[in-house]
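To start, the structure itself, in structure tokens.
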Amino acid sequence: MPSDRENDRPAASTLTGAIERAVDALFQQQDPAGYWWAELESNVSITAEVLLLHHVWGTFYRVPRAAAERYFREQQRSHGGWELAYGDGGELSASIEAYLALRLLGVPASDPALTRARLFVLARGGITRSRIFTKMHLALIGAYEWSGLPALPPWLMVLPDRGPLSIYDLSSWARGSTVPLILLFDRKPVYGPALALDELYAEGRENARFTLPAAGDAFGAFFNAVDGVLKWAERVGLVPFRERGLERAETWTVERQEHTGDWGGIIPAMLNAMLALRALGYALHDPVVVRGWAAIDGFTIRSDGAYRVQPCISPVWDTGLAVRALADAGIPRDDPRLVRAASWLLDKQIVARYGDWAVKNRTGRPGGWAFEFENAWYPDVDDTAVVAMALAAVDHPQPQRLRGAIARAAQWVATMQCKTGGWGAFDVDNDKAWLNRIPYGDLKAMIDPSTADVTARVLEMIARCEPADVDPARFERALAFLLAEQEADGAWFGRWGVNYVYGTSGALAALGPTAPAERRVDEAVVRGAVWLKSVQQAGGGWGETTDTYKNPALRGHGPPTASQTAWALIGLLACVERLPQIADAFAVPIECGVDYLLRTQRDDGTWDEPEFTGTGFPVHFYLNYHQYRLHFPLSALGRYAARRQPA
């Protein structure tokens, strides 16, 4: 199809109006302090587990019962279950936890909603087939037996930090959630009044076997056997270093609480810490507990008569991406609103604390950013790269301070490079894949290895920020890693966004016009762009579902969304910027994608997007970033408009 037909191109006035409306909508969401902070939506299990925590602590009187009940009823789908991600057909463990929450709220098992839920759960195997953490929460109220859960021996805490195995071989999120559970699993408490939920056992509670799931191979059989030995040692009192390990686990947990009350900036770590403190006998008025509840309350949302809890909060991430989008849209670099955002980001840089990352990174000095308002123990590479690029897009009245912040960030990120040449999110060389096979790790999220999307972000940061003293050897290793991660059809896997559209967009943005002028890079860019073109839908948009993590053959297929369409456009625009000689081949896909965004924009400047396009743990946990539907389309439209302007 010819690409030089002016009639095929969106009208400049329409494009300008769309950008202006999106800019206005984004600025309206800015907090007076300078930051952006949108809702981070996940599945119902997060809210259910907070309700259970209130039950455990005897604070259920604090729960807005009617609002919480409304939330769970609204989230139930016609099939009777609850979903991990929008439109996924429902998921067993999330549905069990939602059922539990409604029972805790006083809804009788005979309620029609729970009748439908029970049928959904039983059809999928019932409680016995649920995940480990669901069973753990049920064990706290006597609805499951602790004997069916894996052992967590306290001696894990006394292993050398830099030895062949330690808690620092777990990903940051697994580590922050697991250490307090060492305390909980040692006590194995049950809190009344008991809620049996016998009706959710497909085989009947009396016939249930409270054991680990059967192993699927020799590796699994080995770990199940090891678990059996550990449990035998517990029963006969032969657990080495038990007291020392428990003491260290308690100290570690308390030390890692932020002054705001957060642990790790994520609800699972916060809930597990609070469960551990309850098991240890901490009082409700203890300052650690008071701060913990305050932090959990800060994750809650009460709107439209419903009560729900976010798994995490994302102000630093939201702010960095919002600034980048506004800069892409042509907002002047010295606009006071951008300057205010940059100042807020500068204040959030972590420059004093050596977090957990320093255990295996012996050369790095603090200089990163975290995802949340406060999380000094766990800055991450992805946030740091995004914030550095956002700062580089602003003319700040303190230019030396800004340049110094970017330089510190770049230096810290450089030291976080893994042996593979790529980057993980929170740690260096956190890649012992066998940990995902232990019985406790059924979410397959025990490690934080190098990924293409985080590595691409770092390379893009280097290109856009041009930090001094970039080690050519580091850059070459990173480039080689990213190129090697490209799959046979030209796409890249997306670890932190759904999925191949996200990964491919990020890689193309990194390999754009500033990457080395080498044939291997050109070929990779073209292959990635051709793949994006091949999965564009008839209406001009792009879409991909979370099912691609289970079945990669579905890559590039799903209802079109604003954020995924924007990602594809960003990738294609990077390709034609690098290789203008092939621009005609991608002109129509780009213009059709832009037209899709223009046609689907709401009158208020935003876009609808109920789909989940963010990834927590592939297959098991997904996210809907409520700001993705605004700032990514704005970035794409802004970059397209800049390309259309005459030289």
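If I filter the stretch 418-441 down to residues being farther than 25 Å from G216 by Cβ and more than 20 Å from the chain's Cα centre (by Cα), which single residue comes out as surrounded by the most Cβ atoms within 10 Å (Cβ to Cβ)?
Checking each candidate, the answer is C418.
Among the small types (G, A, S), more than 30 Å from T211 (Cα to Cα) and touching a strand residue (DSSP E or B) at 6+ places or on another chain (Cβ under 9 Å): which single residue out of A410, A468, A478 fits that description?
Being among the small types (G, A, S), more than 30 Å from T211 (Cα to Cα) and touching a strand residue (DSSP E or B) at 6+ places or on another chain (Cβ under 9 Å) holds for just one of A410, A468, A478, which is A478.
Looking only at helices (runs of 4 or more DSSP H) that lie completely in the stretch 394-497, which have at least 2 residues being over 30 Å from K533 (Cβ atoms)?
Once the helices (runs of 4 or more DSSP H) in the stretch 394-497 are filtered for at least 2 residues that are over 30 Å from K533 (Cβ atoms), what remains is 399-415, 472-484.
State all residues of the stretch 8-51 that are over 23 Å from A306 (Cβ atoms), hydroxyl-bearing (S, T, Y) and within 25 Å of the chain's Cα centre (by Cα); if no residue qualifies, say none.
Result: Y35, single match.
Restricting attention to the stretch 544-563, which residues are over 17 Å from I590 (Cβ atoms) and assigned to a loop (DSSP other than H, G, I, E, B)?
Hits for the stretch 544-563 are E544, T545, K550, N551, R555, H557, G558, P559.
Can you tell me which residues in the stretch 72-130 are outside any loop (DSSP other than H, G, I, E, B), more than 25 Å from N207 (Cα to Cα) and among the small types (G, A, S)?
Of everything in the stretch 72-130, just one residue is outside any loop (DSSP other than H, G, I, E, B), more than 25 Å from N207 (Cα to Cα) and among the small types (G, A, S), namely A113.
Which residue is farthest from the chain's Cα centre (by Cα), if the candidates are limited to the stretch 258-296 and must be over 20 Å from H137 (Cα atoms) and part of a helix (DSSP H, G or I)?
Going through the qualifying residues, I end up with P287.
Among (1) farther than 30 Å from L338 by Cβ; (2) acidic (D, E); (3) surrounded by fewer than 22 Cβ atoms within 10 Å (Cβ to Cβ), where does E97 come up short?
(3)
Only residues that are closer than 30 Å to R129 by Cα and either in contact with a Ser or Thr (Cβ under 8 Å, 6 or more places away or on another chain) or loosely packed, with under 12 Cβ neighbours inside 10 Å (or both): list them for the stretch 149-171, please.
Once the filter is applied, which keeps residues that are closer than 30 Å to R129 by Cα and either in contact with a Ser or Thr (Cβ under 8 Å, 6 or more places away or on another chain) or loosely packed, with under 12 Cβ neighbours inside 10 Å (or both), the stretch 149-171 yields L152, L156, I167, L170.
Mind checking which residues of the stretch 103-122 are touching a residue at least 40 places away in the same chain (Cβ under 8 Å), within 15 Å of W82 (Cα to Cα) and hydrophobic (A, V, I, L, M, F, W, C)?
Of everything in the stretch 103-122, those that are touching a residue at least 40 places away in the same chain (Cβ under 8 Å), within 15 Å of W82 (Cα to Cα) and hydrophobic (A, V, I, L, M, F, W, C) turn out to be A113, A117, F120, V121, L122.
What do you reckon, is I406 closer than 30 Å to D217 by Cα and of a type in the set (A, V, I, L, M)?
no
How many residues does the stretch 428-459 contain that are among the charged types (D, E, K, R) and in contact with a Leu (Cβ under 9 Å, 6 or more places away or on another chain)? Walk me through how you get there before you give the answer.
Just the residues of the stretch 428-459 that are among the charged types (D, E, K, R), to begin with: 429, 431-432, 437, 442, 444, 448, 453, 457.
When the remaining residues are screened for being in contact with a Leu (Cβ under 9 Å, 6 or more places away or on another chain), the result is 432, 448.
Total satisfying the criteria: 2.
Tell me, please, whether a residue that is among the small types (G, A, S), surrounded by fewer than 19 Cβ atoms within 10 Å (Cβ to Cβ) and without any contact (Cβ under 8 Å) to a residue 40 or more places away in the chain can be found in the stretch 320-330. Let's see the steps before the verdict.
Here is the first cut: in the stretch 320-330, the residues among the small types (G, A, S) are 320, 322, 325, 327, 329-330.
In the following step, the residues that additionally are surrounded by fewer than 19 Cβ atoms within 10 Å (Cβ to Cβ) were identified as 330.
Next cut, without any contact (Cβ under 8 Å) to a residue 40 or more places away in the chain only: none.
No: zero hits.
Any read-out appearing in this document is the output of simple, stated calculations on the displayed coordinates, not a laboratory observation. Since we're looking at a predicted model, the values are computed, not measured. Methodologically, a virtual Cβ is constructed for each residue, glycine included, from the backbone with ideal geometry; neighbour enumeration extends over all protein chains shown.
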